[in-house]
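Student: Quick one: structure below, then a few questions.
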Protein chains: 4
Amino acid sequence: MKALVYHGPGKRSWEEVPRPELQAATDAIVRVDHVTICGTDLHILKGDVPEVEPGRILGHEAVGTVLTVGEAVTTVKPGDRVLVSCISACGRCRYCRAGSFGQCLGGGGWILGHLIDGTQAEQVRVPFADTSVYKLPDGVSSEAALMLADILPTGYEVGVLNGRVKPGETVAVVGSGPIGLAAIITAQFYSPGHIVAIDMASSRLEAAKAFGADIVVNNAIDDPGIRIAELTAGLGADVAIEAVGVPETFELCTRLVRPGGHVANVGVHGKPATLHLESLWIRNVTITTGLVDTYSTPDLLTMLAAGRLDAENFITHKFGLDEMPVAYDVFANAQDTGALKVALSRT
Amino acid sequence: MKALVYHGPGKRSWEEVPRPELQAATDAIVRVDHVTICGTDLHILKGDVPEVEPGRILGHEAVGTVLTVGEAVTTVKPGDRVLVSCISACGRCRYCRAGSFGQCLGGGGWILGHLIDGTQAEQVRVPFADTSVYKLPDGVSSEAALMLADILPTGYEVGVLNGRVKPGETVAVVGSGPIGLAAIITAQFYSPGHIVAIDMASSRLEAAKAFGADIVVNNAIDDPGIRIAELTAGLGADVAIEAVGVPETFELCTRLVRPGGHVANVGVHGKPATLHLESLWIRNVTITTGLVDTYSTPDLLTMLAAGRLDAENFITHKFGLDEMPVAYDVFANAQDTGALKVALSRT
Amino acid sequence: MKALVYHGPGKRSWEEVPRPELQAATDAIVRVDHVTICGTDLHILKGDVPEVEPGRILGHEAVGTVLTVGEAVTTVKPGDRVLVSCISACGRCRYCRAGSFGQCLGGGGWILGHLIDGTQAEQVRVPFADTSVYKLPDGVSSEAALMLADILPTGYEVGVLNGRVKPGETVAVVGSGPIGLAAIITAQFYSPGHIVAIDMASSRLEAAKAFGADIVVNNAIDDPGIRIAELTAGLGADVAIEAVGVPETFELCTRLVRPGGHVANVGVHGKPATLHLESLWIRNVTITTGLVDTYSTPDLLTMLAAGRLDAENFITHKFGLDEMPVAYDVFANAQDTGALKVALSRT
Amino acid sequence: MKALVYHGPGKRSWEEVPRPELQAATDAIVRVDHVTICGTDLHILKGDVPEVEPGRILGHEAVGTVLTVGEAVTTVKPGDRVLVSCISACGRCRYCRAGSFGQCLGGGGWILGHLIDGTQAEQVRVPFADTSVYKLPDGVSSEAALMLADILPTGYEVGVLNGRVKPGETVAVVGSGPIGLAAIITAQFYSPGHIVAIDMASSRLEAAKAFGADIVVNNAIDDPGIRIAELTAGLGADVAIEAVGVPETFELCTRLVRPGGHVANVGVHGKPATLHLESLWIRNVTITTGLVDTYSTPDLLTMLAAGRLDAENFITHKFGLDEMPVAYDVFANAQDTGALKVALSRT
């Protein structure tokens, strides 16, 4: 079969590889019907994720069809249409027992396209299938569901739920790339009074408006602190969500939040930030970090099935699975192409 | 009357000043029967708290007797024995309505010995008396109650409750000064499996043991991370409480905590710290800061009355009120004198 | 001035009474600009609330203008447009400190039109004004705000928040009178997947649809359990809200709820219900009751100001203040008149 | 092998049966080293649990040694000493994903000695072994651990944690049989101010004192409401835990609880109770029910290993496994024998 293989920093190829086979009684083999590319895949290609070894098939998001299952698998069967999540869960360790699947100690966590071969292929082996794939309800679009493999639960859990967004609150979202937009769209489940999107690119701020931000601030030009102070009687945002991953945006979030508020970090960081404890120690702030756990994936599927989540809006470009190389080019040049998420489908 | 007056950096005197008078219908005048000195008072004397103006009477902790009350005061009356809390609360603003009295927007918060004259005097005016003093139950020792003016609710709320200590957990407390000890003593309300006290002074670690830590680590000599890893199957502490107030100890806490754990900062910081988001972003940690809100003060009084809180153990030195200057000397030289808390009493 | 006076069971009159005067430093006198009638007022008139004494002015909901304030009142001043809440709060007792204002032990709670004279008058004395009235933001309609005096915080706190409605969940609301509709409208703040309104009157079910229920069941005709089973894979509703106040509807709620779900009782009951512990003991259900605490009133005002709460839709009939007797007749005959809430305004 | 077999109401025998065999890849066969008898087993023998069919081996609590495991089992291996829990968990369904293992929809829940053969035998087949047995740490006594199979997590989760016991609170526990004692012993993890044990048998109240109740009331003689009112300024208990299972004791709990308090039902009920909504509707009470979920079992094991849980105190009588019939007699006649829990051990 064909797959997107990493061959060390800067090198990827769409090439012929052996089909995956069942290795454990809890495995499933899934035919990939729809797959997407994540910003993390680009990080891997830069060589920033050293535990990914050359020869690895990338990708951790897919919607597909179950082909075969190990004998211990009971919740899905061949022919089922399933969501393959970015997080695999052993379902047995102390973290999985507590719903913190992303921190799985039993061989799960983020492993697909990272520690084992991933989804950017015609087929993928999914370990711990019973607790790592989700059967899709009838009437849910596969392409919409694809957005629930990573981006939507990440924005929702790590941004909105960790940030404890509540009705009427003012939420600042710093960064309007795909993850920031996922936070913006899911923050609306809790009816905040205002969602303030902050970014330095006008095009992304346009997208933020389309996804539901009622106020946008280009912080290359304007001071978001002033705008938020106007909305909050000078107090600051109830919740500030970091969706970029650089020190400056994290520090901005800690400045924008009101006493007693929440800073929810979603961004993937490569460098330390400065934490201004000399002013923050007295302000009762809560700062959270996190990899997605995907405990919310069934809830998001329910929202999708109820027609309350316009997940397909993330998909700006569509390709056939064989167009993987060009899809990578389009996604990697998002600044020019305007790509949010790309969807590659079996034809 | 006599009072301890701040006259600018490095200058204090125990001198004659006018008696306080009622200024608002919600005020009370309280005779100070017992008062203590806080590390913050020493910071003020160093000039580190610039909003404290020369001429200010210091002190924000006392137990005393109500002398007179304004006409709107209904919950205490002359003759009542009361705890004067470090936090005054207007009881009306959005923060007070939510129990976050330390963040009061209506003229309260930490004001005594800071923005208005304080408790290191023969009498003190307490604004918003109904929501800022606590009538003491019979049978509760005044000196024990004095420890509830600041140190115990601070260690409990900002350390233990913000850190969400739960039965069976491993709690690391970095710093075994009075605030760290307050966290150690109140953490036991939640029956952690282990309390690991970490400090660089053996004398303070002895105190930590006496207050209930079952494991102590001198981090001038040993690596607390190794000891905690042994206790936690390599995962790290469930809760790490910072009770020093310097960057190194805060950063230590973020290294000691397990994925999914809590770092509760209690220390008063004068400088920023480095937050290692490049490793923390993926670890689901929660970091909290806070000034005490004193929402727990009634609960702590209940524990005191039930004989379940040995608050008097903090008091290492006792003085008459007129010995204020020597009490300051003893407290300021804690390293030599071994002072934890001093109590000055009306004679 | 004129006021609606209760003269014992079945007897009310709109008659001349003395104007109220300040009695405490914390009082305010408010001119009533808009007032409404509550189902509870009808209960009082039937003689069902024996602690209401003949001679009492009824009414516990109003929007008005502050005329005078006691000297301890600091958050409102003469001329301010304010919401007079059904709950007065001393702001000092253990319940008020915890935000449970409805259970106030310091002389507050539901007192207006109950233990002291109420709002169905040209003027009303409001005790504890700082913690019992809410200054209205500019741009908020007074008539819309009137719905925040009782009905909306009641449906929201006692129904939606006690019931812990979450995104994607199925919420059953039994009873589509004003309180049920208040639960339906505010449940939408949490984006449930389905809101199932259940009632025996088609006209009320029409209202339920207009207020946001996506499914309605007339339980004089159909079994709501069957409809909810279809929506929930046979499990039952995540949340069942009782908004009638008779044993049958409460018992229906306990049958409709899924294992692990919440039953939130909002209805005012006059008789005991049967609790089927022989089936419920094993089902992990949570049942809550409550008088409104009004801790959510500021949040609801924020939602109103943000244009996210169509509160005026409750008002089906408008009158001048002097038309009080006819307004009572219209409201008391809701079955014929279709009245939800009536608004009487100063002219 | 030998096993205790149910042969219809009133009939049990300790008889020869075939050894269990692996039936699924997720099964384990465990040699029973220690087993106990539960009050529920007596109910089954009375015929009160009709889904238990004649021929069924009873028992849902054991500590044993793993003999063989199915090929999908990864967390335990032959030779491991394990706790066999009363709750089996598929680990895959929506309830298991949320930690509500007792409500498992995937074939687990309470099945041992109920829907499949149980632990009162020389060997037992345990389905879903990875999520249904717990490897015991070295240094933990097997007999102490046996008390964690059912009674301790039940009292802790369904009583103490559902009841939200907090430091300083007054907790009423109605019923001082084994389950009530389990609530009393684990309530102490949260340092309540008072634990009031209520029962009609002096011998059980003596046990309650030994397990940590500081106040006992024989409600055949005295009114517990009066004693609790004295302790709580007339308000009532913060938490009332029902540990009997008859309407009278449940109704007593709803009378004893303060406004805003929690009633946690632990008792197994066979009849409905009367819920006095005519007085409770206004009192902000929360009532919970539940089968144990065993999410707390690892925490309880930690407490046991830390020497903070005197679990062995429950065991009043010890037998060899072959003495099963006499052990049943002793346990069934607890009133005369004073039995709390019996332990039967392989010899």
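The values are calculated or read from the model by the stated rules, or taken from the named source; none is laboratory data. Because the structure is a prediction, the values reported are computed rather than measured. Here the Cβ is made from the backbone with ideal geometry for all residues, glycine too, and neighbour counts use every protein chain on show. Accessible surface is based on the protein model in full, side chains and every heavy atom, while ligands, DNA and RNA are left aside. Shrake-Rupley method; radii C 1.70, N 1.55, O 1.52, S 1.80 Å.
Student: Taking C:P20 and the conditions (1) under 28 Å from C:T316 (Cα atoms); (2) assigned to a loop (DSSP other than H, G, I, E, B), which numbered condition does it fall short on, given that it satisfies the others?
Tutor: All conditions are met except number (1).
Student: So in the range B:48-78, with the set limited to residues that are within 27 Å of B:V268 (Cα to Cα), over 20 Å from the mean Cα position of the chain (by Cα) and not charged (D, E, K, R), which one is least open to solvent (accessible area, probe 1.4 Å)?
Tutor: B:G55
Student: Looking only at residues that are touching a residue at least 60 places away in the same chain (Cβ under 8 Å) and not aliphatic (A, V, I, L, M) in the range C:324-333, which one is least open to solvent (accessible area, probe 1.4 Å)?
Tutor: Of the residues in the range C:324-333, the ones touching a residue at least 60 places away in the same chain (Cβ under 8 Å) are C:324-325, C:327-328, C:331-332.
If we keep only those that are not aliphatic (A, V, I, L, M) too, we end up with C:325, C:328, C:331.
Values: C:P325: 51, C:Y328: 1, C:F331: 20 Å².
Going through the qualifying residues, I end up with C:Y328.
Student: Those residues that are open to solvent by 60 Å² or more (accessible area, probe 1.4 Å), in contact (Cβ under 8 Å) with a residue 60 or more places away in the chain and not in a helix (DSSP H, G or I), I need them from the range C:334-347; list them, please.
Tutor: Result: C:R346, single match.
Student: While we're looking at this one, here's another question. Among D:A89, D:A121, D:A129, D:A144, which is open to solvent by less than 10 Å² (accessible area, probe 1.4 Å) and under 16 Å from the mean Cα position of the chain (by Cα)?
Tutor: Working: D:A89 fails: under 16 Å from the mean Cα position of the chain (by Cα); D:A121 fails: under 16 Å from the mean Cα position of the chain (by Cα); D:A129 fails: under 16 Å from the mean Cα position of the chain (by Cα).
Of D:A89, D:A121, D:A129, D:A144, the one residue that is open to solvent by less than 10 Å² (accessible area, probe 1.4 Å) and under 16 Å from the mean Cα position of the chain (by Cα) is D:A144.
Student: Any idea which residue in the range B:147-201 is nearest to the other protein chains (Cβ to nearest Cβ), counting only those that are part of a strand (DSSP E or B) and not aliphatic (A, V, I, L, M)?
Tutor: First, the residues of the range B:147-201 that are part of a strand (DSSP E or B): B:170-174, B:194-199.
Okay, now just the ones that are also not aliphatic (A, V, I, L, M), so B:170, B:194, B:199.
Values: B:T170: 9, B:H194: 7, B:D199: 20 Å.
Once the filter is applied, the top-ranked residue is B:H194.
Student: With the requirement that a residue be within 8 Å of another protein chain (Cβ to nearest Cβ), within 19 Å of the chain's Cα centre (by Cα) and among the small types (G, A, S), what does the range C:92-112 give you?
Tutor: C:G99, C:S100, C:G102
Student: Any residue that is within 14 Å of chain A (Cβ to nearest Cβ), out of contact with any Lys or Arg (no Cβ under 6 Å at 6 or more places or on another chain) and over 28 Å from D:P137 (Cβ atoms) - is there at least one of those in the range B:231-243?
Tutor: So far as the range B:231-243 goes, yes, one or more of its residues are within 14 Å of chain A (Cβ to nearest Cβ), out of contact with any Lys or Arg (no Cβ under 6 Å at 6 or more places or on another chain) and over 28 Å from D:P137 (Cβ atoms).
Student: While we're here: Exactly one condition in (1) within 14 Å of another protein chain (Cβ to nearest Cβ); (2) closer than 29 Å to C:F101 by Cα; (3) aliphatic (A, V, I, L, M) is not met by C:L340; state its number.
Tutor: Exception for C:L340: condition (1).
Student: How many residues, within the range D:15-38, are farther than 23 Å from D:T131 by Cα and open to solvent by less than 40 Å² (accessible area, probe 1.4 Å)?
Tutor: Filtering the range D:15-38 for residues farther than 23 Å from D:T131 by Cα gives D:15-18.
Now restrict to residues that are open to solvent by less than 40 Å² (accessible area, probe 1.4 Å): D:17.
The qualifying residues number 1.
Student: Would you pick out the residues in the range C:277-294 that are within 27 Å of C:V133 (Cβ to Cβ), more than 7 Å from every other protein chain (Cβ to nearest Cβ) and of a type outside the set (D, E)? Outline the logic, then answer.
Tutor: Initially, the range C:277-294 is screened for residues within 27 Å of C:V133 (Cβ to Cβ), giving C:289-294.
Applying the additional criterion that residues be more than 7 Å from every other protein chain (Cβ to nearest Cβ) yields C:292-294.
Matches in the range C:277-294: C:V292, C:T294.
Student: Considering the range C:314-333 alone, what residues qualify as being in contact with a Lys or Arg (Cβ under 7 Å, 6 or more places away or on another chain), assigned to a helix (DSSP H, G or I) and within 16 Å of C:L181 (Cβ to Cβ)?
Tutor: Matches in the range C:314-333: C:F314 only.
Student: Tell me, yes or no, whether the range B:297-312 has at least one residue that is within 14 Å of chain A (Cβ to nearest Cβ), part of a loop (DSSP other than H, G, I, E, B) and farther than 30 Å from B:L235 by Cβ. So that I can check it myself, show each step before the final result.
Tutor: At the first step, the residues of the range B:297-312 found to be within 14 Å of chain A (Cβ to nearest Cβ) are none.
Checking the range B:297-312: not a single residue is within 14 Å of chain A (Cβ to nearest Cβ), part of a loop (DSSP other than H, G, I, E, B) and farther than 30 Å from B:L235 by Cβ.
Student: Would you tally the residues in the range A:113-132 being of a type in the set (G, A, S) and more than 14 Å from every other protein chain (Cβ to nearest Cβ)?
Tutor: We begin by selecting, within the range A:113-132, every residue of a type in the set (G, A, S); these are A:113, A:118, A:121, A:129, A:132.
Still in the running and more than 14 Å from every other protein chain (Cβ to nearest Cβ): A:113, A:118, A:121.
Residues meeting the conditions: 3.
Student: In this structure, is A:S100 polar (S, T, N, Q) and either open to solvent by 40 Å² or more (accessible area, probe 1.4 Å) or closer than 25 Å to A:A144 by Cβ (or both)?
Tutor: When the stated conditions are applied, A:S100 does not pass them.
Student: Okay, next question. When you scan the range B:23-47, how many residues do you find that are within 23 Å of the chain's Cα centre (by Cα), part of a loop (DSSP other than H, G, I, E, B) and among the aliphatic types (A, V, I, L, M)?
Tutor: 1
Student: Still on this structure, I have one more. Please name all residue pairs, on different chains or six or more residues apart, with Cβ atoms under 8 Å, provided the first residue is in the range A:244-269 and is at negative phi and at the interface with chain B (Cβ under 7 Å from one of its Cβ atoms) and the second residue is small (G, A, S) and in a strand (DSSP E or B).
Tutor: Listed by first residue and then by second, the contacts come to A:F250/A:A273.
Student: With the requirement that a residue be open to solvent by less than 10 Å² (accessible area, probe 1.4 Å) and either free of Cβ contacts under 8 Å to residues at least 12 places away in the same chain or over 29 Å from D:A273 (Cβ atoms) (or both), what does the range D:291-308 give you?
Tutor: Across the range D:291-308, the qualifying residues are D:T297, D:L300, D:M303.
Student: Need the failing condition index for A:L321 against (1) open to solvent by 20 Å² or more (accessible area, probe 1.4 Å); (2) out of contact with any Pro (no Cβ under 8 Å at 6 or more places or on another chain); (3) farther than 30 Å from B:G290 by Cα, just the number.
Tutor: Among (1) open to solvent by 20 Å² or more (accessible area, probe 1.4 Å); (2) out of contact with any Pro (no Cβ under 8 Å at 6 or more places or on another chain); (3) farther than 30 Å from B:G290 by Cα, the lone unmet condition for A:L321 is (1).
Student: Inside the range D:160-184, can you point out the residues that are within 13 Å of the chain's Cα centre (by Cα) and either over 19 Å from D:P224 (Cα atoms) or surrounded by fewer than 24 Cβ atoms within 10 Å (Cβ to Cβ) (or both)?
Tutor: D:V160, D:G177, D:P178, D:I179, D:A182
Student: If D:I315 satisfies every condition in (1) more than 10 Å from every other protein chain (Cβ to nearest Cβ); (2) more than 23 Å from D:W110 (Cβ to Cβ); (3) of a type in the set (A, V, I, L, M) but one, which is the exception?
Tutor: (2)
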